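Here's the structure we're looking at; comments come further down.
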């Protein structure tokens, strides 16, 4: 339906006073415009019939309770992500502490094990040669080397049934130099004789 | 006591913790919210969904309402915005929807209007309204059904009065054409 656009403007009150007066004059004189005007008003009347529609009253009575229910549900749903976040954070912190505690515990166990092992090796190995192999002098301080030497000396004294003085005599560098001088002064014949004498003697 | 001062009092009561005041606001405006959403969307189920969304927004934002506009203007603004957003989302959903036509028909049968004659008339108008652009439909509804002035509609929509008049004019023209087509 092609409608005279002036009808819309007139009914909607969008015309100036002059336009309005001119339109009303034409409405009286033009049958076609009057017919269009009638049809337009019929459509508006149809529309106005659905302006105030009677409805189920129950729906509007239930509107607030329905909203309250939804609101409560939404509030609960809002809490869930917060709880999940908090649980994740707590779990992460716990894992971090447990991991670090295990690590430090492991270090502590390793340290104490090595100390005990060292003690055991010092206290239990009576075999001098085995004990000597246990010592690693490369990683030791001067003090530790000195302590180790004293332990070795005490074991040597005990095993060889020596006095501290005789041990010093046996192990001192000057004695070794004397022995070297002595060996250098022996001729081949004397050496053969000494060798034969040693073979005859049972040392152990 | 004027309507706006009553609204002011209800909002202040709600801000101070009176939940009953919120219920009174809802009772006062629920029909207007529903029918505005219904005419914008063209069916009861969508309108119901929008009403619940609007109430949620009202409840959450009412505490910050400073009466720079009247409460009903603000409520209409929320309802209009929510309705347009809802329709956009619905259109997107329909593009990617696997829902069959029968399910959609069953859903659209749900209504709160019992009078068959009125229901038919309403459905006819809703069908026509859905064929005009959202913004034109919005102005047509506010002007024709809610009987608001262009100044009030401008407050709700944030558009100029001249633009609104043009929107109404085009909406009316299309509605007249579509109504005639449907009759034939």
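Annotations for the structure displayed:
- When each of B:119, B:127 is tested for being at pLDDT below 90, surrounded by fewer than 17 Cβ atoms within 10 Å (Cβ to Cβ) and not assigned by TED's automatic domain parsing to the domain that holds residue B:81, the lone residue that passes is B:119.
- Residue in region B:136-150 that is closer than 16 Å to residue B:77 by Cβ, crowded, with 20+ Cβ neighbours inside 10 Å, free of Cβ contacts under 8 Å to residues at least 24 places away in the same chain and outside the structural domain of residue B:72 (by TED's automatic domain parsing) present: yes
- When residues of region A:30-68 are limited to those that are at the interface with chain B (Cβ under 7 Å from one of its Cβ atoms) and loosely packed, with under 12 Cβ neighbours inside 10 Å, the one modelled with the lowest pLDDT: A:54
- When residue B:41 is tested against (1) more than 13 Å from every other protein chain (Cβ to nearest Cβ); (2) surrounded by fewer than 19 Cβ atoms within 10 Å (Cβ to Cβ), exactly one condition is not met: (2).
- Filter result (within 14 Å of chain A (Cβ to nearest Cβ) and farther than 18 Å from residue A:43 by Cβ) within region B:143-159: B:146, B:148, B:149, B:150, B:151, B:153
- Pairs with Cβ under 7 Å, 6+ apart, first in region A:9-23 and within 9 Å of chain B (Cβ to nearest Cβ), second part of a loop (DSSP other than H, G, I, E, B) and at pLDDT 90 or above: A:9/A:15
- As for region A:32-45, it holds no residue that is outside any helix (DSSP H, G or I) and in the same structural domain as residue A:9 (by TED's automatic domain parsing).
- One residue stands out among those in region B:166-184 that are free of Cβ contacts under 8 Å to residues at least 24 places away in the same chain and surrounded by fewer than 19 Cβ atoms within 10 Å (Cβ to Cβ): the one that is nearest to the other protein chains (Cβ to nearest Cβ), which is B:180.
- Test: residue in region B:6-28 that is surrounded by 13 or more Cβ atoms within 10 Å (Cβ to Cβ), within 30 Å of residue B:133 (Cα to Cα), more than 10 Å from every other protein chain (Cβ to nearest Cβ) and touching a residue at least 24 places away in the same chain (Cβ under 8 Å): no
- Test: residue in region B:56-66 that is crowded, with 19+ Cβ neighbours inside 10 Å and either under 15 Å from the mean Cα position of the chain (by Cα) or closer than 17 Å to residue B:155 by Cβ (or both): yes
- Flag for residue A:71 being at the interface with another protein chain (Cβ under 8 Å from one of its Cβ atoms) and either more than 30 Å from residue B:30 (Cβ to Cβ) or under 60 Å from the mean Cα position of the chain (by Cα) (or both): yes
- Just so you know, in region A:139-152 the residues that are at pLDDT below 80 and touching a helix residue (DSSP H, G or I) at 6+ places or on another chain (Cβ under 9 Å) include one that is surrounded by the most Cβ atoms within 10 Å (Cβ to Cβ), and it is A:148.
- Of the candidates A:168, A:187, A:174, A:180, the single residue that is surrounded by fewer than 12 Cβ atoms within 10 Å (Cβ to Cβ) and modelled with pLDDT under 70 is A:174.
The values are calculated or read from the model by the stated rules, or taken from the named source; none is laboratory data. The structure presented is a predicted model; accordingly, all values stated were derived computationally and were not measured. All Cβ positions, even for glycine, are placed from backbone atoms using ideal geometry, and neighbour counts span all protein chains on display.
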